[in-house]
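Contents: one structure, followed by commentary.
Bear in mind these aren't lab numbers, they're just calculated from the coordinates by the rules spelled out. Owing to the predicted nature of the structure, the values given are computational and were not obtained by experimental measurement. A quick note on method: Cβ atoms are made from the backbone with ideal geometry, for glycine too, and the neighbour counts reach across all protein chains shown.
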Amino acid sequence: MQDISKSIEACAAYYGDDAAAVREYLIEGQKRALALPNRGPLRFKDNGDIHSDILEAYSTYGFYIFENALRPEELQDLENDLEAMRDNFPTEMGAATDAKGRPALGADTTGFTLQWAKPLSDPLGGTAMANGRHQVKLFEPKPDASAPQATPVYLGGSLQFSKACLVTYAHPGLLKMAEAINGADFTPFHEGLFIKDAGLGAAVSWHQDGDTHWDNPNFDEDIHGFNFMGQIHGSTAVNGVWVLPGTHKHGRVDIVKLIAEAGTERLPDAVPIICNAGDVVINNRQILHGSFANTGFETRVTVNFGFHRRSSVLNVHGAGIHAEAVTFDDAFIKNRSRLIGLAIDARRQRFPDEIPYEYAPDANGPEKPVWNDAIMPSLKNYNLTDLSI
Ligand SMILES: O=C(O)CCC(=O)C(=O)O
């Protein structure tokens, strides 16, 4: 685990009169998080299914940390792609070119791609954005005078920009977990990178991700799916996502009330998701979660990719948060799911020693999806068909 004692001190100092309370919250939260029995390597039963201890812990807490799930070469590929993508970021928010004068990454896309925010701000909290799910605004620490006007916070549609992200998307153990939670005919959701640069990264206020099925008579803990969160540099109490364990099981949380009752935005029973580089978290989208502004010295970049149950999206009208709201019929879902088959073949070529995951909806199709690098440009704007619920 990273030693973040310096970051805890630096973070506390941003909070003025609350410095001592912040320090204690971070230290105590870290302790409580590490005491939970919801981390370890991906483990399987003799028949290849995910070990039931993992499924039980995920169901109890709403998140589970798969330690060292990413192979060292895989992590290196992700780091390399991240560096290449950052190198191609626009020079500033809205610029059309990067620092080398090339067309900037995402500048010619129509989908939801690179998002920016004021350093250390909470851009979503207390606004109507994303259907108002971020009900309160978090404290916004004052950035250093040398901070830029805006900092990158999120890159949506990441599979069109990074083959390494595509290869990780087809991780066989993680897809086995997707199958265990959502059934063998699981579908995609959305993919992106959360970027929390040291001393700059914006907050993502407390929220639950689901939008569509809260009043569904068949509501249950998995109806809004989950996100995998792969960690490129690790994740800490200062820069990481905090969750309120167990909240994925019940309906919508009144966050305003919860915070009023606690008398603080630092929800007392919440815990940070603590990871080393190469760990991958499964996080239930219904769990109450969020991240504070990154006032520490460690950068976090999370490779997010989620999956749904087919029944949660089939013939369902989308929430319109990640892409335009339409009704997802069978053909729409099939087209969006082609990314899974392509990713599996890209991974098979990158890691020929692995047994590839077999995606049931493609198993009996007329032809297996085949990847080659010339296909990459055809992924442009693929995320216009994200299955946003
Ligand atoms: O990574 C973060 O800071 C926020 C993640 C999040 O809110 C999400 O995945 O829904």
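Which whole-number percent gives the relative contact order of the stretch 91-212, counting Cα pairs below 8 Å spaced six or more residues apart?
Numbers: 168 pairs, mean separation 41.1, N = 122.
In percent, rounded to a whole number, it is 34.
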**Request:** Go through the stretch 233-238 residue by residue and turn each phi into a ³J(HN,Hα) via Karplus (6.51, -1.76, 1.60, θ = phi - 60°); whole Hz please, and just put x for glycine and proline.
**Result:** 10, x, 8, 10, 5, 7
**Request:** Please give, to one decimal in nm, the separation of the simple spin-label points placed at residue 51 and residue 96, each 7 Å out from Cα toward the Cβ.
**Result:** 5.5 nm
**Asked** To the nearest 20 debye, what is the magnitude of the charge dipole of the stretch 317-381 about its Cα centre, counting +1 on the Cβ of each Lys and Arg and -1 on the Cβ of each Asp and Glu?
**Response** 160 debye
**Request:** Calculate one ³J(HN,Hα) per residue across the stretch 198-214 by plugging θ = phi - 60° into the Karplus curve 6.51 cos²θ - 1.76 cosθ + 1.60, and present them in order as whole Hz with x for glycine and proline.
**Result:** 4, x, 9, x, 6, 7, 10, 4, 3, 6, 10, 7, x, 9, 9, 10, 4
**Asked** How do 289, 207, 224 rank when sorted from fewest to most other Cβ atoms within 10 Å of their own Cβ?
**Response** 207, 289, 224
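Please state the shape class of the stretch 135-267: rounded when a/c is under 1.5, otherwise prolate if a/b exceeds b/c and oblate if not, all from the C-alpha gyration tensor. Let's see the in-between values first.
Details: a/c = 2.29, a/b = 1.14, b/c = 2.02.
Oblate.
What relative contact order, as a whole-number percentage, does the chain give when Cα pairs under 8 Å and 6 or more residues apart are counted? Don't skip to the answer; put the middle values down first.
Numbers: 835 pairs, mean separation 88.0, N = 389.
The value is 23 percent.
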**Fill in**
Everything considered on the Cα gyration tensor (a ≥ b ≥ c; rounded for a/c under 1.5, else prolate if a/b is larger than b/c, else oblate), the stretch 252-359 must be described as oblate
**the chain - Kirkwood radius from inverse mean 1/r over Cα pairs (Å)** = 21.2 Å
**Complete:** Phi angles of the stretch 3-13, converted by Karplus (6.51 cos²θ - 1.76 cosθ + 1.60, θ = phi - 60°) into ³J(HN,Hα) in whole Hz with x for Gly and Pro, give 7, 10, 4, 5, 5, 4, 5, 4, 4, 4, 5
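Grab the stretch 104-228 and count how many Lys pairs have their alpha-carbon atoms under 22 Å apart, sequence gap of 8 or more, or different chains. Please report the intermediate quantities before stating the final value.
On the way: 118/137; 118/142; 118/196; 137/196; 142/196; 163/176; 163/196.
Within the stretch 104-228, the lysine pair count is 7.
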**Request:** Quickly rank 174-184, 28-38 as a protection proxy: mean count of other C-beta atoms within 10 Å, highest first.
**Result:** 174-184, 28-38
